[in-house]
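Throughout, read-outs are computed from the coordinates displayed, never taken from laboratory work. Everything numeric in this text was worked out from a predicted model, so none of it was measured. All Cβ positions, glycine included, derive from the backbone under ideal geometry; neighbour counts span all protein chains shown.
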Amino acid sequence: MATRGALFYYSGTGNTELAMRYVAGKISQSAVDLIDLRTAMGFDLSSYDLAGFATFVDHGGPPRLFIDFIGSLKGCRGKPAFILITYGGMPGRTLKTIERMVFKAGMTPIAGHQLITPENFVPLRVKGFTHDDRPNEKEIARFKAFASDLNDILITISLKGDLKPRPIRIGILNSLIPQKDRRKSKKKMGPLMVDKALCIGCGNCETVCPYGAIRMGGAPSFDDSRCYGCWACYNHCPTMAIYTEKIRGEGHYREPTERLRRALSY
Ligand SMILES: Cc1cc2nc3c(=O)[nH]c(=O)nc-3n(C[C@H](O)[C@H](O)[C@H](O)COP(=O)(O)O)c2cc1C
């Protein structure tokens, strides 16, 4: 039976997109559409037979934007769904949280995986916690096995109509780690500022801000009440003109490392 899958990803700096592209390439049973969820609020899944959701971990949980996105979906009742998260070292309960959200939206979780990747959270990169050497060989092999198993599950569902929830496991240690307080971290980050001598007015920051917190008028102005502290503007500013009180001109992560690209090529 020919099926159609909608695979959504939310990726600030490319790690998650890369991982989801790999999985999409391994799904043989469905024709898949790979969709940046920032462009797909309120998406109607009625004409699809499968959903896939990928996001990065943000303060020990799913990012605000991802939560809003799942809540906005239409026509998703009864569809099988898989979940993929990328993280920089501490995934916590994120995978289970998303599994619950998927259930609540009426979908059936069939598989989930958490892949460690380089850290893109600037305050940690500045302190040297970059994880640029991850995932290691074992972690890459586990991720690839997940993609292959997922394909097998989809074939079973398609051939036998065997659609049942398949529990996603995260290990005892992860299940004990609480979600971090995003507001506290945002407060620590302090207000964003721009060095007007460096700013070239390219508008990159406005484009990459997922929360509509930046307006260009020559240089960017920041609406602190809309900012969730995701560091996308800081990471993607080509001239490093954006800074905070404590961090300036260091710790940028613009795109997946060459190592990660090679590991996730197919
Ligand atoms: C605002 C923010 C918060 C983060 N919080 C966590 C976290 O709590 N635990 C973790 O392991 N990684 C955390 N990370 C790291 C990212 O999840 C990780 O680097 C991910 O692969 C980035 O994916 P992307 O390149 O698709 O944006 C955070 C990153 C950002 C930007």
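The sum of -39500 (n - 2.57) across all DSSP H runs of n ≥ 4, divided by the residue count of the chain, sets its helix-only mean residue ellipticity at 222 nm to -9500 deg cm²/dmol. Between Asp68 and Lys127, the C-beta separation translates, for a Förster distance of 35 Å, into a calculated FRET efficiency of about 0.70. If you take all other residues with their beta carbon under 12 Å from the beta carbon of Ala40, and give Lys and Arg +1 and Asp and Glu -1, the sum is -2.
Counting other C-beta atoms within 10 Å, and keeping those with at most 11, which DSSP coil trypsin sites (Lys or Arg not before Pro) do you find in region 117-193? Don't jump to the answer; show the numbers that get you there.
On the way: sites: Arg125, Lys127, Lys138, Arg142, Lys144, Lys160, Arg169, Lys180, Arg182, Arg183, Lys184, Lys186, Lys187, Lys188; in loops: Lys127, Arg169, Lys180.
Counting only loop positions with at most 11 other Cβ atoms within 10 Å, the trypsin sites (Lys or Arg not before Pro) in region 117-193 are Lys127, Arg169.
Summing Lys and Arg as +1 and Asp and Glu as -1 over all other residues whose Cβ lies under 15 Å from the Cβ of Lys79 gives a net charge of +1.
Across the chain, the mean sequence separation of Cα contacts (distance under 8 Å, 6 or more residues apart), normalised by length, yields a relative contact order of 20 percent.
Give the calculated FRET efficiency between Ala31 and Asp195 to the nearest 0.05, with a Förster radius of 41 Å applied to their Cβ-Cβ distance.
Numbers: r = 47 Å, r/R0 = 1.15.
Efficiency at R0 = 41 Å is approximately 0.30.
Between Arg4 and Ser221, the modelled labels are 4.4 nm apart [label points 7 Å from Cα along Cα→Cβ]. Helix 137-160 and the longest principal axis of the Cα set of the chain meet at an angle near 40°.
For Ser148, the shell of other residues with beta-carbons less than 12 Å away shows a net charge of +1, using +1 for Lys and Arg and -1 for Asp and Glu. Once the Cβ-Cβ distance between Asp149 and Lys188 is put in as r, and R0 is 51 Å, what FRET efficiency do you end up with, to the nearest 0.05? Calculated transfer efficiency: 0.80. Across q = 0.10, 0.14 Å⁻¹, the chain modelled as identical point scatterers on its alpha-carbon atoms has Debye log10 I(q)/I(0) values of -0.51, -0.98, in the order of the q list. A simple rule links phi to the HN-Hα coupling: the Karplus curve 6.51 cos²θ - 1.76 cosθ + 1.60 with θ = phi - 60°, which for region 212-223 gives x, 9, 10, 10, 8, x, x, 10, x, 10, 10, 9 Hz, with x for Gly and Pro.
Kirkwood radius for region 197-252, taken over all pairs of different Cα atoms as the inverse mean of 1/r, rounds to 11.4 Å. For the cross-link pairs Lys26/Lys96; Lys138/Lys160; Lys138/Lys186, which exceed 27 Å when the distance is taken from alpha carbon to alpha carbon? Checking Cα-Cα distances, Lys138/Lys160; Lys138/Lys186 exceed 27 Å. Cysteines of the chain lacking any other cysteine Cβ under 4.7 Å from their own Cβ: Cys76, Cys199, Cys202, Cys209, Cys227, Cys230, Cys237.
What is region 10-118's relative contact order, in percent, from Cα pairs under 8 angstrom and six or more apart in sequence? Working shown, then result.
Working: 175 pairs, mean separation 29.4, N = 109.
The normalised contact order for region 10-118 reaches 27 percent.
Annotation: amide H-H contacts under 5 Å for His131 (H modelled 1.01 Å from N, sequence separation of 5 or more, or interchain): Glu119. Which of the GluC sites (Glu not before Pro) found in region 171-266 are in a DSSP loop and have at most 10 neighbouring Cβ atoms, other than their own, within 10 Å? Of the GluC sites (Glu not before Pro), the ones in loops of region 171-266 whose Cβ has at most 10 other Cβ atoms within 10 Å are Glu250.
Assuming charge only on the beta carbon of Lys and Arg (+1) and of Asp and Glu (-1), the dipole of region 182-243 about its Cα centre is about 420 debye to the nearest 20.
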